[in-house]
1. For the chain, give the share of DSSP beta bridges that are antiparallel, in percent and rounded to the nearest 5; count only bridges with both residues there.
2. Only bridges with both residues in the stretch 1-143 count here: give the DSSP antiparallel percent, nearest 5.
3. Given a cut-off of under 8 Å on Cα pairs at least six residues apart, what relative contact order in percent is computed for the chain?
4. Among Asp100, Asp79, Asp13, what is the fewest-to-most ranking by other Cβ atoms within 10 Å?
5. Within 10 Å of each candidate Cβ there may be at most 12 other Cβ atoms; applying that plus a DSSP loop requirement, which trypsin sites (Lys or Arg not before Pro) in the stretch 1-94 survive?
6. Using the beta-carbon distance between Lys33 and Ser2 and R0 = 51 Å, what value does 1/(1 + (r/R0)^6) give for FRET efficiency, to the nearest 0.05?
7. Test of the criteria: in the stretch 220-285, which trypsin sites (Lys or Arg not before Pro) are in a DSSP loop and have at most 11 other Cβ atoms within 10 angstrom of their Cβ?
8. Which order do the peptides 186-195, 66-75 come out in when sorted by mean C-beta neighbours inside 10 angstrom, highest first?
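Nothing in this text is a laboratory measurement; each read-out follows from the coordinates by a stated rule. This structure is a prediction, so every number in the text was calculated from the model and none was measured. Neighbour counts run over all protein chains shown; Cβ positions are idealised from the backbone, glycine included.
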Amino acid sequence: MSIQTELQSTIEDMVQKGKGILAADESNPTIAKRFKPIGVESTEESRRSWRNLLLGTEGLGDYISAVILFEETLAQKADDGLPLPKLAQNNGIVPGIKVDKGTIPLVNSEGDLITQGLDGLAERLKTYKEQGARFAKWREVYPVGQHNPKPLAVEANAEVLARYAAICQSVGIVPIVEPEVLIDGDHTIERCFDVIERVQLAVYRALQRYHVTLEHTILKPSMVTPGKDCSDKASPHEVAEWTVRVLRRSVPAAVPSINFLSGGQTDEEATANLNAMNLMFPGQPWELSFSYGRALQHAALHTWQGRQENRGSSQAVLLKRARLNGAARDGRYSAEMEA
Ligand code: 13P
């Protein structure tokens, strides 16, 4: 199979009507933060057990086409000894892998960040592929401040995302490109729009410069929302208008799918906002879908509490959340469906 054919077939498996992506790729410090409120200690075994629960949810593949895993999970096994990526695959879910190594401050651009992990990436990807990964994810992070992100950060982060994406495609791995504009702060929705527009225009200029085949990429952006501490809240209607506008200005039609991160929105907000976009603006050049971490796992995690006896009820909660987001993929979600 040629690399182009391989990338195309992975995209077709990942981008499906009524389905989105589950982000279960929390790094060890992040998953420890998620486990803390439910009193579960983060150990190799507790992390395995949680991810086994997620991937073993019967019927999850009806709403979830792909899952992003953390490196450790790729090598872990289900209770019955089946490798976890294989369990996902058996459930009709394409396994993928987060490949970045997190952020550090961007020198000479105070308040801005840059993501590490490019050195040796092609070799790592070959190993991940042998373990079953067919796509990858890389996240650049942009805090919003009065002077951030600065032009240097916008350019440098775009450059890194493009280098990552080109390397992935060279070894037949589909890159998810994630420029996350953070929700933290008291900025307005207009300010969020401006930042995302600048960030995404730079990302697509860089992807083009690096000859990345856009048809074989997925964008994982933030929605356009006011900062978490902004006193003006935005309705799903407003979020949808601003978000679709920024996407139309900055994302080429060649990109097959846009899968939003939830970024600290509540479960219901993330679903309602996605639903509003698909309801109000059908027929966009790209699919408008989800790649949620917290907004898919939060309620299920709190039902689980680390207890074996809660496993079934936790899976039911996860399945419901996935189904509601699946409905939001074509504007069929309503708040009554939460009951
Ligand atoms: P959230 O949906 O919790 O923001 O996580 C998505 C993700 O993968 C962030 O990198």
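1. Antiparallel bridges make up about 10 percent of those DSSP assigns within the chain.
2. Within the stretch 1-143, antiparallel bridges account for around 25 percent of the total.
3. Normalised by residue count, the contact order of the chain is 18 percent.
4. Asp79, Asp13, Asp100
5. On the way: sites: Lys17, Lys19, Lys33, Arg34, Arg47, Arg48, Arg51, Lys77, Lys86; in loops: Lys17, Lys19.
Listed in order of number, the matching sites are Lys17.
6. Once the sixth-power term is evaluated, E becomes 0.75.
7. Counting only loop positions with at most 11 other Cβ atoms within 10 Å, the trypsin sites (Lys or Arg not before Pro) in the stretch 220-285 are Lys233.
8. 66-75, 186-195
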